[in-house]
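**Student:** This is the structure, below, for whatever I ask next.
The values are calculated or read from the model by the stated rules, or taken from the named source; none is laboratory data. Everything numeric here is computed off the predicted structure, so don't read it as measured data. When we count neighbours, we look across all protein chains shown, and the Cβ atoms used for this are built from the backbone with ideal geometry, even at glycine. Note: areas computed on protein heavy atoms with side chains; ligands, DNA, RNA excluded. Shrake-Rupley method; radii C 1.70, N 1.55, O 1.52, S 1.80 Å.
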Amino acid sequence: MITITNRILIAAVVLAGCGVSQSKTDTHKDEAASVPAVATFALEKNIFSASLRMPGELVPFQQVDLYAKVSSFVKKLYVDVGSPVSAGQVLATLEAPELSSQLAGAESRLHSQEAVYLASKATYDRLYTTSQTPGTVSQNDLDMAFAKQKSDFAQQESAKAAFREISDNRNYLEIRAPFAGVISSRNVSAGAYVGPSGKGSEMPMFSLQEQKKLRLVVAVPEAYTSYLSGKSEVGFTVKSLPGQPFKANVNRLSGALDSRLRSQRVEMDVLNNDKKLLPGMVAEVSIPLNTVDSVFIVPVTAVVNSTEKIFVVRIKDQKAEWVEVRKGREAEGKVEIFGTLNSGDILVEKANDEIRNGSALTSKK
């Protein structure tokens, strides 16, 4: 039979047991709460499909500054800034009165040398005919006459060359367009004295640009040069036409890196028949960076660049583990990484060096 005293003792024992159990449960909860939880993701291999955005410049496909070949005065101008011209079209005529007198003098000297040559040739021909009779003409006289003929012939050819030179200089009194394009600048007026660069003309008479076809020039950094080829297609936009995309294909690669920028010059031909694009525009170019092989791709925030090394934080057995990696291409918030990693590894999405190697860490659900 249980007495009142025994009942009191049993109740005390039960209450004591309940208190111990509750204390142990709270301890486990505190330990679990002390382990930080971070956002993670499972590492997987994917095809790196992104694009590199960088500035480029639109330049004329052909551009030339036109100077006067001979010192002269501008007689008449036929074009002005913005004038479309065709190949071979006369842009300006010049005048140089002294060239006419020089040409007359050269022509006179040429006729004189022709007469001298004809006389020496006739002398040699007569001596040669006479020498066919033995004993009439010495061999020395015949050789001297032949040498005189050759010398006079050379003088005649020299006079012809001098005459052609002055005649050709007169042709330079017409300034013609070497190719079809648009006059982008004009720096002279009628009556101005012009000449070769540095000798009467500090500025060119005209600047001519081909604008129906442009070059899009981009300096591609060394890390991305291997992803371009002669068939790569790029897209670009310009600020003046923000809602209109343009396409172009890579046509020329310089094949060398600039010594200052460590980048390769890449050129794309752009057809511009409607002349919406202007030379000198800055374009925002989107270069595709696509590969065939699968690689590990992670968010940029998952890679830590510390003073010690470059690493990612992997969670293994609820502990943080620093894994050293090498970075590959980076674009649009993603980066390639290479290191001792495996598919399925759990990595911290936003890592930093405050998460110490070996510290307790769990994944946030």
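**Student:** Mind checking the angle between helix 139-171 and the chain's longest principal axis? C-alpha axes, 0 to 90 degrees, to the nearest 10.
**Tutor:** It works out to around 50 degrees.
**Student:** Residue 235's amide H: which non-local residues (gap 5+, or another chain) put their own amide H closer than 5 Å, with H modeled 1.01 Å from N in plane and none for Pro or chain starts?
**Tutor:** 286
**Student:** Considering only protein heavy atoms and a probe of 1.4 Å, how much of the accessible area of the chain is carbon and sulfur, as a whole percent?
**Tutor:** The nonpolar share, carbon plus sulfur, comes to 53 percent.
**Student:** While we're on this one: Contour minus end-to-end for residue 294 and residue 217, with contour as 0.36 nm per residue of separation and end-to-end as the Cα-Cα distance?
**Tutor:** 24.6 nm
**Student:** Here's something else I'd like to know. How large is ³J(HN,Hα), in whole Hz, for each residue of the stretch 320-329 in order, when computed from phi with the Karplus curve 6.51 cos²θ - 1.76 cosθ + 1.60 and θ = phi - 60°, using x for Gly and Pro?
**Tutor:** With coefficients 6.51, -1.76 and 1.60, one gets 6, 10, 7, 10, 5, 9, 10, 8, x, 6 Hz.
**Student:** Say each of residue 259 and residue 273 gets a label point 7 Å from the Cα, pointing the same way as Cα to Cβ; how far apart are those two points in nm?
**Tutor:** Placing both labels 7 Å along Cα→Cβ, they lie 4.4 nm apart.
**Student:** Here is a further query. Grab the Cα-Cα distance for residue 81 and residue 101, subtract it from 0.36 nm times how many residues apart they are, and report the gain in nm with one decimal.
**Tutor:** Full extension of this stretch gives 3.7 nm more.
**Student:** Which whole-number value in Å² is the accessible area per residue of the stretch 297-365, probe 1.4 Å?
**Tutor:** Accessible surface, normalised per residue, equals 58 Å².
**Student:** Within the stretch 232-341, list the trypsin sites (Lys or Arg not before Pro) lying in a DSSP loop whose Cβ has at most 16 other Cβ atoms in a 10 Å radius.
**Tutor:** 239, 260, 262, 275, 276, 309
**Student:** Evaluate E = 1/(1 + (r/R0)^6) for residue 119 and residue 168, where r is the Cβ-Cβ distance and R0 equals 35 Å; express this FRET efficiency to the nearest 0.05.
**Tutor:** After rounding, the FRET efficiency stands at 0.75.
**Student:** Taking the Cα centre of the chain as the origin and placing charges on Cβ (Lys, Arg +1; Asp, Glu -1), which of 77, 227, 251 is farthest toward the positive end of the dipole?
**Tutor:** 227
**Student:** What residues qualify as long-range amide H neighbours of residue 48, i.e. H under 5 Å apart, gap of 5 or more or another chain, H built at 1.01 Å from N?
**Tutor:** 291, 295
**Student:** Which value, in debye to the nearest 20, gives the size of the charge dipole of the chain about its Cα centre, when Lys and Arg are +1 and Asp and Glu are -1 at the Cβ?
**Tutor:** With Lys and Arg at +1 and Asp and Glu at -1, about 760 debye.
**Student:** Provide the per residue accessible area, probe 1.4 Å, for the stretch 130-283, rounded to a whole number of square angstrom.
**Tutor:** 59
**Student:** Take the Cα pairs of the chain, get the Kirkwood Rh, then feed it into Stokes-Einstein at 4 °C and 1.567 mPa s and tell me D in µm²/s.
**Tutor:** The diffusion coefficient I find is 43 µm²/s.
**Student:** Quick one: helix 97-130 against the long Cα principal axis of the chain, what's the angle to the nearest 10°, folded into 0 to 90?
**Tutor:** Helix 97-130 sits roughly 60 degrees off the main axis of the chain.
**Student:** Follow-up. If you put +1 on each Lys and Arg Cβ and -1 on each Asp and Glu Cβ, how big is the dipole of the stretch 258-364 around its Cα centre, in Debye rounded to 20?
**Tutor:** In total the dipole reaches around 160 debye.
**Student:** Please state the charge dipole magnitude for the stretch 170-278, taken about the Cα centre, from unit charges on C-beta atoms (+1 on K and R, -1 on D and E), reported in debye and rounded to the nearest 20.
**Tutor:** About 120 debye.
**Student:** So, one more: Counting only residues 5 or more places away or on other chains, whose amide H sits under 5 Å from the amide H of residue 180 once H atoms are built in the peptide plane?
**Tutor:** HN-HN under 5 Å from residue 180: 87.
**Student:** Apply 1/(1 + (r/R0)^6) to the Cβ-Cβ distance of residue 71 and residue 176, taking R0 = 22 Å, and write down the FRET efficiency to the nearest 0.05.
**Tutor:** Once the sixth-power term is evaluated, E becomes 0.75.
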